[in-house]
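Working notes, structure below.
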Amino acid sequence: MVEDRDEAFDHDLLTAYMMKNDVFGDSADKFLRDSILNLVFAGRDTTSAALTWFFWLVATNPSVENKIQEEIITKLHPKEDNRFVLRFSNINDQEMEKLVCLHGALCESLLLFPPVHIQHKASLQPDIANTRMLLGFYAMGRMETIWGKDCMKFKPERWITDQAGIKREPSYKFITFNAGPRSCLGKDMTYIQMKTNCNCNYI
């Protein structure tokens, strides 16, 4: 079983993209270049900035920190012989989905302190006028008309359903990872990286 698992994961993200390269025809090389550059440049400083704000917010909210630590211990690291069994290498996506409180706290920190706090959009060719649109992600995350009267509070339960599951918000509302065809390519990978990092820090 171990050998089969190793063979299934015997390539990295770049290799996975290259294996699908023929799908894009003549523009395959350009797509591959743009995608990898986007992941390299957009996924480094943004993730570290997101984690910095996350740990600061959690540190200033001890009750949230206690809930996250308890969730990680009980759902990922069960006790055996009065000791916690630490395991990071074989944590899969299904197990990450169990960390509801952690996911909520990450989303809330991304909402209040988005790594990319402002973004501009412009058309490739001017139509009526050469206009640029500015999107204030930081301001949008603190708007009462979007998030309610408690929009300025650090409230991880905002992202938890009544059934104790992860609450998904539309990308055009929670726009930290952009929306539509411009959505961040590394969104899922970013969540996994941040959750793994939190596992290492809270145990």
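The values are calculated or read from the model by the stated rules, or taken from the named source; none is laboratory data. Worth saying up front: this structure is predicted, and the values here are computed from it rather than measured. In this analysis, Cβ positions are derived from the backbone assuming ideal geometry, glycine residues included, and neighbour counts consider all displayed protein chains.
Quick rundown of the values:
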item	result
Per-region count, segment 158-191, residues surrounded by 15 or more Cβ atoms within 10 Å (Cβ to Cβ) and outside any loop (DSSP other than H, G, I, E, B)	6
Which numbered condition Ser109 fails, given (1) in contact with a helix residue (DSSP H, G or I) (Cβ under 7 Å, 6 or more places away or on another chain); (2) of a type in the set (S, T, N, Q); (3) more than 30 Å from Lys67 (Cα to Cα)	(3)
Filter pass, Lys149 being among the basic types (Lys, Arg) and loosely packed, with under 14 Cβ neighbours inside 10 Å	yes
Residue match in segment 64-81 (condition: assigned by TED's automatic domain parsing to the domain that holds Met194, loosely packed, with under 10 Cβ neighbours inside 10 Å and at pLDDT below 70)	yes
When residues of segment 129-172 are limited to those that are of a type in the set (Gly, Ala, Ser) and under 20 Å from Ala49 (Cα atoms), the one modelled with the lowest pLDDT	Gly136
Cross-chain or 6+ apart pairs with Cβ under 6 Å, segment 137-165 first and in contact (Cβ under 8 Å) with a residue 12 or more places away in the chain, then part of a helix (DSSP H, G or I) and of a type in the set (A, V, I, L, M)	Gly141/Leu111; Gly141/Leu112; Phe154/Leu57; Pro156/Val64; Pro156/Ala105; Ile160/Val100
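Results for (1) touching a residue at least 24 places away in the same chain (Cβ under 8 Å); (2) in contact with a Pro (Cβ under 9 Å, 6 or more places away or on another chain); (3) in a loop (DSSP other than H, G, I, E, B), shown as yes or no for each residue.
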| position | (1), (2), (3) |
| --- | --- |
| Gly104 | yes, yes, no |
| Leu110 | yes, no, no |
| Pro115 | yes, no, yes |
| His120 | no, no, no |
| Gln125 | no, no, yes |
| Leu134 | no, no, no |
